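Visitor: Could you have a look at this structure, given as structure tokens, before my questions?
The values are calculated or read from the model by the stated rules, or taken from the named source; none is laboratory data. Keep in mind that this is a model prediction, so the values were computed, not measured. Heads up, the Cβs are rebuilt from the backbone with ideal geometry, glycines too, and the neighbour counts pull from every protein chain shown.
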Amino acid sequence: MAQQLLKVEVLSPEKPLAKVDAVSVLLPGAYGYMEILPRHAPLISELDCGHLKLTTTGNESSDFFIAGGYVEVTNNIVRVLVDVGESVQDIDSARAEAALVRASKLLSKHQVDVDLARAHYAKKRAEERLALVKLIAAHSGRSH
């Protein structure tokens, strides 16, 4: 019997990020990470920022940083619409480090005119980008 696959499409406002057949999709839901497997129940869910991992046959994977958006699952079709998305190879670590420093400074000042929610989210996005780069580097270092 042939292995069931998910038809996965990942889209950002800037460009399509992926269109693949996958055995699983790991993504950051608004209330924590979730994994979508073939025959998953229909679902529409809000997404948070973090690691999107598409695992294809042969245990190959594609890794992305995403921030915000929605996922829809129906009949083994997974549509991921993200506000921000980039492959792990496209993450600029220096830029993420600078964003983390800026957000941390804003949060430490306790100024009245600072949008705290926005500063916290900027810090979280920077931390997630850096953690993903580190995770992928650690995994690729082990396989060589």
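Each row is one residue, and each column tells you yes or no for (1) within 16 Å of SER87 (Cβ to Cβ); (2) aromatic (Phe, Trp, Tyr).
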{"residue": "VAL8", "(1), (2)": "yes, no"}
{"residue": "VAL25", "(1), (2)": "yes, no"}
{"residue": "ALA30", "(1), (2)": "no, no"}
{"residue": "ARG39", "(1), (2)": "no, no"}
{"residue": "HIS51", "(1), (2)": "yes, no"}
{"residue": "GLU60", "(1), (2)": "yes, no"}
{"residue": "PHE65", "(1), (2)": "yes, yes"}
{"residue": "GLY68", "(1), (2)": "no, no"}
{"residue": "VAL73", "(1), (2)": "no, no"}
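Visitor: What are the residues in segment 10-24 that are part of a strand (DSSP E or B) and either crowded, with 16+ Cβ neighbours inside 10 Å or among the hydrophobic types (A, V, I, L, M, F, W, C) (or both), if any?
Guide: Scanning segment 10-24 gives VAL10, LEU11, LEU17, ALA18, VAL20, ALA22, SER24.
Visitor: Separate question: Which residues, taken from segment 115-144, are surrounded by fewer than 10 Cβ atoms within 10 Å (Cβ to Cβ) and modelled with pLDDT of 85 or more?
Guide: ALA117, ALA138
Visitor: Hey, any hits in segment 28-50 for a residue that's in contact with a Leu (Cβ under 7 Å, 6 or more places away or on another chain) and under 21 Å from SER140 (Cα atoms)?
Guide: Taking every residue of segment 28-50 in turn, none turns out to be in contact with a Leu (Cβ under 7 Å, 6 or more places away or on another chain) and under 21 Å from SER140 (Cα atoms).
Visitor: Here's something else I'd like to know. Starting from segment 76-98, take each residue that is under 11 Å from ASP63 (Cα atoms) and list its partners that are surrounded by 13 or more Cβ atoms within 10 Å (Cβ to Cβ) and hydroxyl-bearing (Ser, Thr, Tyr), counting only C-beta distances under 7 angstrom and pairs at least six apart or across chains.
Guide: GLY85/SER12
Visitor: Okay, next question. Return the total of residues in segment 93-114 being out of contact with any Leu (no Cβ under 9 Å at 6 or more places or on another chain) and at pLDDT 85 or above.
Guide: 10
Visitor: Also: Taking segment 21-54, which residues are of a type in the set (D, E, K, R) and closer than 12 Å to ASN76 by Cβ?
Guide: ASP21, ARG39
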